[in-house]
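The values are calculated or read from the model by the stated rules, or taken from the named source; none is laboratory data. Fair warning: this is a prediction, and the values are worked out from it, not measured in the lab. No Cβ is skipped: glycine too gets one built from the backbone with ideal geometry, and neighbour counts run over all protein chains shown. To get the accessible areas, we keep the full protein, side chains included, count just its heavy atoms, and leave off ligands, DNA and RNA. Shrake-Rupley method; radii C 1.70, N 1.55, O 1.52, S 1.80 Å.
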Amino acid sequence: MTTSAFQKAFPNIVDSNVLNNNGLLVFWYQPWVETSNSAAKLHCIWLETLNDAFRHEIDFLATMTPVYSKLTYCMLGFNGPLTPESVASCYHQIAGEMTEATFNRMRNVSELSEDFKERLWCEL
């Protein structure tokens, strides 16, 4: 049988019968595992929701990148000569695409809270 450093340092304080008692270990370990397991699951649920939020933000940025590219082409006149009608048409098209992307983003964000609540209730 090996002794711990604590037992070697404080032989009068530590009763070896108490440290070797498996009942005491089970008494302490069982509630700790149950609470740690629940906390780890809740942390995992939170991280999954955070991952979904980041994924939605990346999708939004990926959607907006071509829109900004179109805006640049319009402003620099790469699509043809700059006239008030062509600029207005370009702006309306870009505004529509930006609005659609923003609404999709807001819908995805609103679904995140519902998904998070559902995951929590399933775990509880």
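Of all residues in the range 58-89, those being assigned to a helix (DSSP H, G or I), open to solvent by 60 Å² or more (accessible area, probe 1.4 Å) and out of contact with any helix residue (DSSP H, G or I) (no Cβ under 7 Å at 6 or more places or on another chain) number 14.
For the range 99-124, the set of residues classified as at pLDDT 90 or above and either touching a Gly at 6+ places or on another chain (Cβ under 9 Å) or over 18 Å from residue 55 (Cα atoms) (or both) consists of 99 only.
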